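S.K.: The structure's right below; bear with me while I get my questions together.
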Amino acid sequence: MDEQTQEQVALTRFKLISPVLAEPAREQNEYFRKLAEKQHQFPHYGLRKYASSTFKAWLAKYRKDGFDALKPKARSDRGRPRRLSDEEMQVIRVQCKANPNLPVTLLYERLLAENRLGQPPICYSNLLRIINQQNLLPQNKRTDIRKRFETEAVNQLWLCDFMHGPVVKTDRRRAKAILCAVIDDHSRMIVGHAFSASENVSALTVVLKEAFASFGLCRRLYVDNGPSFSSDLLAKACAQAGVSLIHSRPYDSPSRGKIERFFRTARERFLVTVTEELSLAELNDAFASWLREDYHHKHHNGIDARPIDRYHNSAARADIRRLSKAELDEIFLVRHERVVNHDATISFKGNIYEVPAAYIRQRIELRHPVDDPAQLWLYDNGVRVGALKLVDAKENARTFRPTREKSPLSFSSERVRS
């Protein structure tokens, strides 16, 4: 397995354990038990099911050694036989089908007496895990229960989503403005926001980076399953920042009710006041002013307080984690690959950059901050080599010194003089 595949597997593992990074052990166990009931698509491995203990082991490795600990390693038990044969597994399936209401404890005792649990026999917990993984017994539990909740302090949970807005004027055309907003669950403060002309991962990460810089890191980030929120860039940024990335169930917008309710308020109290076509910058300025003057200072019925007051009261007591600008730039780096031309240059977003001659005809990795594509860095095997600069053809012409070979006449004249 190559390094890129190992990183993709590690990202998939992080996406699975991320929703409970900041949760207590009881909720982690319940979440992992539900994960163990499903199959999950993994790079290289395909569809796989894992026991809850495996998810716990991934979580422990990530907390101890970080993201790299989630990369797969060779199995230590490769080639060893399993404890249960195919015949014994078939007996377990038949017994569960014939006795759907039989408690697992009694089923274990019956199979143990009939010597149908391997040699040496597996323990009760292993039999229970097999039954749960393969859904051999009916499960009559409700899964649609939804309760009202609220976090205890700011930055414990942020909710993020997109909202389609009015048509605006951009540099080259007219386009629909799309609002990306991040709301703090405890205070209902809007900690990140921006209208842009697209609903892509760049628009999302620019808003999220600004929110982290202004308000510190959150413990949990709750999003939907859209392409931007499911991107590897967001997953890896959260992994490096230690933020729990949680995805809602597909088509379950009520679970994101607080950010959806804010969008309704924005439509009813802000967008109705936009009566003329603005530019994108003008729309963002107007929206920021509305937040400062209206929304953040208006009484919120859901919390029975003003969002600005509740945020400051909680922030004074909360332990807020912060990162420097350089650390945030490193976390939100966008990656690209290019092949270096024979003249030691590469083309990127319509510009030509110089590259060290040692990389001619090699595939290189480029990274830049998500909000500054012009700040381009060259990386070699994960190590930053340096910043790339634009080609200055006139300067190169002034400093160019071609190698001049001696003519036959000059050699003969030297012989005459000698």
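S.K.: List every residue pair whose Cβ atoms sit under 9 Å apart, with the two residues 6 or more apart in sequence or on different chains, where the first one lies in the range 16-37 and is within 18 Å of LEU234 (Cβ to Cβ) and the second, anywhere, is among the basic types (Lys, Arg) and surrounded by fewer than 18 Cβ atoms within 10 Å (Cβ to Cβ).
M.R.: Once the first residue is within 18 Å of LEU234 (Cβ to Cβ) and sits in the range 16-37, its partners that are among the basic types (Lys, Arg) and surrounded by fewer than 18 Cβ atoms within 10 Å (Cβ to Cβ) give ILE17/LYS56; LEU21/ARG63; LEU21/ARG219; ALA22/ARG219.
S.K.: Suppose we filter the range 291-315 for residues that are within 20 Å of LEU157 (Cα to Cα), assigned to a helix (DSSP H, G or I) and not aliphatic (A, V, I, L, M); how many remain?
M.R.: 9
S.K.: Being in contact with a Lys or Arg (Cβ under 8 Å, 6 or more places away or on another chain) and farther than 23 Å from ALA197 by Cα is the filter; apply it to the range 276-298 and report the residue that is surrounded by the most Cβ atoms within 10 Å (Cβ to Cβ).
M.R.: Only one residue fits best here, namely TYR295.
S.K.: Separate question: Would you confirm, using the coordinates I've provided, whether ALA239 is outside any strand (DSSP E or B), under 29 Å from the mean Cα position of the chain (by Cα), at pLDDT below 95 and more than 30 Å from GLN28 (Cα to Cα)?
M.R.: no
S.K.: Can you find a residue that is in contact with a helix residue (DSSP H, G or I) (Cβ under 6 Å, 6 or more places away or on another chain), under 29 Å from LEU204 (Cβ atoms) and either small (Gly, Ala, Ser) or at pLDDT 70 or above (or both) anywhere in the range 370-389?
M.R.: yes
S.K.: Would you be able to tell me the number of residues in the range 264-290 that are β-branched (Val, Ile, Thr) and in a helix (DSSP H, G or I)?
M.R.: Counting residues in the range 264-290 that are β-branched (Val, Ile, Thr) and in a helix (DSSP H, G or I) gives 3.
S.K.: ARG172 fails exactly one of the following numbered conditions: (1) in a helix (DSSP H, G or I); (2) out of contact with any strand residue (DSSP E or B) (no Cβ under 7 Å at 6 or more places or on another chain). What is the number of that condition?
M.R.: Every listed condition holds for ARG172 apart from (1).
S.K.: Also, quick follow-up: Taking the residues in the range 299-337 that are of a type in the set (Ser, Thr, Tyr) and surrounded by 12 or more Cβ atoms within 10 Å (Cβ to Cβ) as candidates, determine which candidate is nearest to LEU179 (Cα to Cα).
M.R.: Filtering first and then ranking leaves TYR311.
S.K.: Under 8 Å between Cβ atoms, which residue pairs at least 6 apart in sequence (or on different chains) link something in the range 243-258 that is part of a loop (DSSP other than H, G, I, E, B) with a partner that is of a type in the set (Ser, Thr, Tyr)?
M.R.: Between residues of the range 243-258 that are part of a loop (DSSP other than H, G, I, E, B) and residues that are of a type in the set (Ser, Thr, Tyr), the close pairs are SER248/TYR222; SER248/SER255; ARG249/SER255.
S.K.: Name the single residue that is surrounded by the fewest Cβ atoms within 10 Å (Cβ to Cβ) among those in the range 161-206 being of a type in the set (S, T, N, Q) and in contact (Cβ under 8 Å) with a residue 24 or more places away in the chain.
M.R.: Here the residue is THR170.
S.K.: Then there is this: Of everything in the range 207-224, what is buried (at least 19 other Cβ atoms within 10 Å of the Cβ) and in a helix (DSSP H, G or I)? Give them in sequence order.
M.R.: VAL207, LEU208, LYS209, ALA211, PHE212, PHE215
S.K.: Taking the conditions exactly as written (surrounded by 14 or more Cβ atoms within 10 Å (Cβ to Cβ), polar (S, T, N, Q), in the same structural domain as THR170 (by TED's automatic domain parsing) and at pLDDT below 90), does SER230 satisfy them or not?
M.R.: For SER230, the condition - surrounded by 14 or more Cβ atoms within 10 Å (Cβ to Cβ), polar (S, T, N, Q), in the same structural domain as THR170 (by TED's automatic domain parsing) and at pLDDT below 90 - is not met.
S.K.: Also, quick follow-up: Sort through THR345, THR265 and tell me the only one that's outside the structural domain of GLY382 (by TED's automatic domain parsing) and hydroxyl-bearing (Ser, Thr, Tyr).
M.R.: Of THR345, THR265, the one residue that is outside the structural domain of GLY382 (by TED's automatic domain parsing) and hydroxyl-bearing (Ser, Thr, Tyr) is THR265.
S.K.: Residue under question is ALA25, and the condition is that it be closer than 30 Å to VAL223 by Cα, surrounded by fewer than 13 Cβ atoms within 10 Å (Cβ to Cβ) and among the aliphatic types (A, V, I, L, M); does it hold?
M.R.: Yes, satisfied.
S.K.: So which pairs qualify, if the first residue must be in the range 329-341 and within 10 Å of ARG367 (Cα to Cα), the second must be of a type in the set (D, E, K, R), the Cβ gap must be under 7 Å, and the two must be at least 6 apart or on different chains?
M.R.: PHE332/LYS209; LEU333/ARG367; VAL334/ARG367; ARG335/GLU365; ARG335/ARG367; GLU337/ARG363; GLU337/GLU365
S.K.: Still on this model: Give me the pairs: first residue in the range 306-320 and touching a residue at least 12 places away in the same chain (Cβ under 8 Å), second residue part of a helix (DSSP H, G or I) and surrounded by 15 or more Cβ atoms within 10 Å (Cβ to Cβ), beta-carbon distance under 9 Å, and six or more apart or on different chains, which are they?
M.R.: PRO307/TYR295; PRO307/HIS296; ILE308/HIS296; TYR311/PHE215; TYR311/HIS296; ALA315/PHE215; ILE320/PHE215
The values are calculated or read from the model by the stated rules, or taken from the named source; none is laboratory data. This is a predicted model, so every value here is computed, not measured. Neighbour counts run over all protein chains shown; Cβ positions are idealised from the backbone, glycine included.
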